[in-house]
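To start, the structure itself, in C-alpha cells.
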Amino acid sequence: MLVFKAIMKRRSIRRYKQMPVALSVLKKLVDAARLAPSAGNFQPIEYILLNKKSVVNQIFEHLRWAVYLKGKGTPSKDQRPVAIIVILINKKRAKFPFYTQVDMGAAIENILLAATEKGLGSCWFGSIDRPKIARDLSVPKSHSVEYVVALGYPDEKSVVFPMKKTHKYHKDEKNVIHVPKRTLKSILHLNKY
C-alpha cells in the first residue's frame with residue numbers, strides 16, 4: 001500500500017474482530033515506531049506490547065472510549081481489541097519534554113499507518129488511567145505511561161466527510177462512524193495568509 005493511500009484510509013477503529021494478530025506483525029508496528037524521528041536522537045520512547053487476552057482485557061478497563069458516541073463508543077466483550085501497545089517514556093533519556101511529545105506523535109502515527117497497511121484497525125488513546133496501567137504492567141518509576149494504541153482486525157467502518165457545523169463525530173443508523181474533517185481549501189494558505 002502506498003503511504004498516501006494508508007493516510008487516506010486510516011481512521012480510528014474501536015470495534016475489532018476476535019482474530020489474533022501475529023506477533024511478527026505486532027513487532028513490525030513497534031519497529032515502525034522505533035524508526036520515527038527523534039529530537040536530538042535521544043530516543044526516549046519504549047513500548048509494552050500486549051497480546052495475551054487477559055492482559056489486554058485488564059488494560060482495556062483503564063481506557064476511556066469515544067466520548068462523542070455517548071455510550072456507543074465502548075466495544076462489547078466480543079469486539080474488544082486483541083492487542084495493545086503501551087507507549088512509555090524513559091525519563092532518563094527524555095531531555096526535552098516538548099520534543100518528547102513530538103517524538104511520540106511521530107512514533108504513534110507510524111504505528112497507525114503501518115497497522116493500516118497490514119489491514120488492522122487502530123485507536124490512539126490519550127484519555128487513560130496512567131497510574132493504574134503503570135501498576136498493572138509493573139512499569140518502573142524511571143518510566144512513565146503516556147499513551148495506548150488499541151489494535152485488531154476492524155469490525156466497524158469509519159468514513160470522513162467535510163466539516164461544516166461541528167467537529168463531533170457520530171454513528172449513523174448502520175453504525176458507520178462519520179468523522180468531520182476540515183477541507184484542504186479551509187486550511188491551506190499559499191504564500192501568505
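Taking the Cβ-Cβ separation of Val3 and Leu23 as r and a Förster radius of 25 Å, what is the calculated FRET efficiency to the nearest 0.05?
FRET efficiency, Val3 to Leu23: 0.55.
Set Lys and Arg Cβ to +1 and Asp and Glu Cβ to -1, take the dipole of the chain about its Cα centre, and tell me which of Ser158, Ser186, Gly119 lies farthest positive.
Towards the positive end, the residue furthest out is Ser186.
What FRET efficiency comes out for the pair Lys132/Leu190, r = Cβ-Cβ distance, R0 = 41 Å, nearest 0.05? Please list the in-between numbers first.
Numbers: r = 48 Å, r/R0 = 1.16.
That gives a FRET efficiency of 0.30.
Given springs between every Cα pair under 10 Å in a Gaussian network model of the chain, which of His62, His167, His178 has the largest fluctuation?
Greatest mean-square fluctuation among the candidates belongs to His167.
Using the structure shown, select from Lys28/Lys91; Lys165/Lys185; Lys92/Lys141; Lys118/Lys168; Lys9/Lys118 the pairs with a Cα to Cα distance greater than 21 angstrom.
Where the Cα-Cα span goes over 21 Å, the pairs concerned are Lys28/Lys91; Lys118/Lys168.
If I model a spin label at Gln43 and Glu173 as a point 7 Å from the Cα along the Cα→Cβ vector, what separation in nanometres do I get?
A separation of 5.4 nm, rounded to one decimal place.
Let's see if you can work this out: charge +1 on each Lys and Arg Cβ, -1 on each Asp and Glu Cβ, no other charges. What is the dipole magnitude of the chain about its Cα centre, in debye to the nearest 20?
480 debye
In deg cm²/dmol, rounded to 500, what helix-only [θ] at 222 nm does the chain give when every DSSP H run of at least 4 residues adds -39500 (n - 2.57) and the total is split over its residues?
Numbers: 6 runs with 59 residues, N = 193.
-9000 deg cm²/dmol, from helical runs alone.
Taking H as built 1.01 Å from N, whose amide H comes closer than 5 Å to the amide H of Lys181, not counting residues under 5 places away?
Amide H neighbours of Lys181: Phe161, Met163.
We did not get these values from a lab; they are worked out from the coordinates using the rules stated. Remember, predicted model here, so these are calculated numbers, not experimental data. Neighbour counts run over all protein chains shown; Cβ positions are idealised from the backbone, glycine included.
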